[in-house]
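Colleague: Below you'll find the structure I mean.
What follows is calculated from the coordinates using simple rules that are stated; it is not laboratory data. Computed from a prediction, not measured in an experiment: that's the story for all the values here. Methodologically, a virtual Cβ is constructed for each residue, glycine included, from the backbone with ideal geometry; neighbour enumeration extends over all protein chains shown.
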Amino acid sequence: MLGPLLDVVFPRRCAGCAHGPWPFCDRCRDALVPLAPPWCRRCGSPVAGDVDGCADCPPPPLRSARAPFLYDGPARQAVHRLKFSGWRDVGPALAAAIAACDPPPVDAVTWVPLARRRLADRGYDQARVLANGLRRPLGVPVRRLLRRTVRTDPQARRNRAERLAAMAGAFEATGSVPARVLLIDDVLTTGATAAACAQALTAAGAREVHLATAARSLHAPALHVEKDRAYPRAGFRPGLWLPGDPPR
């Protein structure tokens, strides 16, 4: 009863522009760029024709990766509002989009945990909010299965190799880990953090670790957006550029 009452007194605003209706106004909805086939079947990266793997795939032991949106425009703003502005309600809205990506069957959902200092600063873990939003649509338990063992610096200015090295051994599993796990994070860039989590989970007994995020960061100049879809430009080879590398 409290939720509808609060919506009347304090109406929720568009997660993209913060002015229109919730969760996305018509203008922001039209600006969202969904990631859909043709793509890499393993990681969901746009390619000219369906393939089973590409150079943009996150590292093993991740079995697959999916994200509903390109990390740009309203999707980027929505993730930023969830992470930095305290808009927790954005979590369930983005979780519904993740669920629509039809994740593979799993036994449990978990999340990439924040470092303690960032958790204290923000007051909540945005990846956990996303994971909790999947409890009902996926019908599987959401469990804390990971903890950080190493404090890592921000990764934004590091390339793929540097991120992989920095995140190695940064997580360990907690408790009993089921055979199939869906790992949740806010944005997929190189996949170094998620791969470190997957290594910890597989070391503890998981046979499959799949990744799902609210958005996917790709090289925008190499993509062509047409009819609300992202396509690779002519001559683009997936993997030639990764977030954190100098633009080419």
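Colleague: Packing-wise, with mean Cβ within 10 Å as the measure, how do 63-75, 25-37, 80-92 rank, highest first?
Modeller: Result, highest mean Cβ count within 10 Å first: 63-75, 80-92, 25-37.
Colleague: Pop out the ³J(HN,Hα) list for the stretch 205-211 in order, Karplus 6.51 cos²θ - 1.76 cosθ + 1.60 with θ = phi - 60°, rounded to Hz; leave Gly and Pro as x.
Modeller: With coefficients 6.51, -1.76 and 1.60, one gets x, 5, 8, 9, 10, 10, 10 Hz.
Colleague: Calculate the length of the line joining the C-alpha centroid of the stretch 61-138 to that of the stretch 171-205, in whole Å.
Modeller: The distance from the Cα centre of the stretch 61-138 to that of the stretch 171-205 comes to 14 Å.
Colleague: Also: Please list the non-local residues whose amide H lies under 5 Å from the amide H of Val142, H modeled 1.01 Å from N, same-chain partners needing a gap of 5 or more.
Modeller: The answer is Val109.
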